[in-house]
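Please read the structure below before turning to the comments.
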Amino acid sequence: MRTTIPIAIMMLAASTMISVAETNRDTSSKKHKMHMHAQMHGDAGLKEPGQGAFAALSEVVRVLETDPETDWSKVDLSGLREHLVDMDRLVTGSIVNETPLPDGLRAFATGDADTLASLKRMVPEHAGQLARDDHWTVSVQESDEGVELTVTSEDDAVVARIKGLGFFGLMASQDHHREHHLLMARGEDAHAH
């Protein structure tokens with residue numbers, strides 16, 4: 001009786017393992033068939049191809065590949081990648097001290113050496129984009145320790161908007177990023193637009 005119980009348990013375990021393996025194989029085969037079908041029909045049902053920078057690069061590559069006017073000798077995806085890394089550092093690595101002003105906001109941003117370099121590339125350039133909006137006044141000061149962005153307005157509603165956006169919202173506002181990224185990828189002067 002003692003030997004029959006372990007043998008019965010081993011047989012049950014073996015049949016369970018075979019059943020699980022068959023299920024996994026069937027599921028894997030179904031997933032592969034679904035993947036191949038989606039590729040053949042051009043839509044996997046997903047829109048985001050993964051991490052944000054990769055998604056931005058993927059989107060730009062798709063546009064470049066479908067544009068018969070793309071001058072591949074000028075394409076600079078490495079430059080776009082470096083810019084996307086700067087954007088990531090700005091969002092994830094910056095230490096920002098925001099000071100509310102009666103007419104707006106002053107934000108001092110700093111970080112480690114790589115983040116500081118990214119801030120010094122990004123904030124002045126984006127301040128120029130912000131300054132195109134005549135609802136507010138924008139200034140930037142750089143120092144060895146960081147970058148100071150000041151945005152003010154005489155309109156109380158705009159002051160509330162500035163304070164609500166804060167440093168990161170201001171850096172993300174003025175939706176020009178997609179156009180900017182495509183110009184960079186094409187090797188064109190992205191700041192001339």
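Here, each number is a calculation from the coordinates, and none is a lab measurement. No experiment lies behind these values; they were computed from the predicted model shown. Glycine gets a Cβ as well: all are built from the backbone with ideal geometry, and neighbour counts include every protein chain shown.
Between Asp88, Asp134, which is charged (D, E, K, R) and within 17 Å of the chain's Cα centre (by Cα)?
Working: Asp134 fails: within 17 Å of the chain's Cα centre (by Cα).
The unique qualifying residue is Asp88.
If I ask for residues that are loosely packed, with under 12 Cβ neighbours inside 10 Å and assigned to a helix (DSSP H, G or I), which ones from the range 50-102 would you list?
If the condition is that a residue be loosely packed, with under 12 Cβ neighbours inside 10 Å and assigned to a helix (DSSP H, G or I), then Arg62, Glu65, Thr66, Ser78, Thr92 are the ones that fit.
Considering the range 103-136 alone, what residues qualify as being over 24 Å from Asp155 (Cα atoms) and either exposed (fewer than 15 other Cβ atoms within 10 Å of the Cβ) or acidic (Asp, Glu) (or both)?
Residues of the range 103-136 over 24 Å from Asp155 (Cα atoms): 109-122, 125.
Across the range 103-136, the qualifying residues are Asp112, Ala113, Asp114, Ala117, Glu125.
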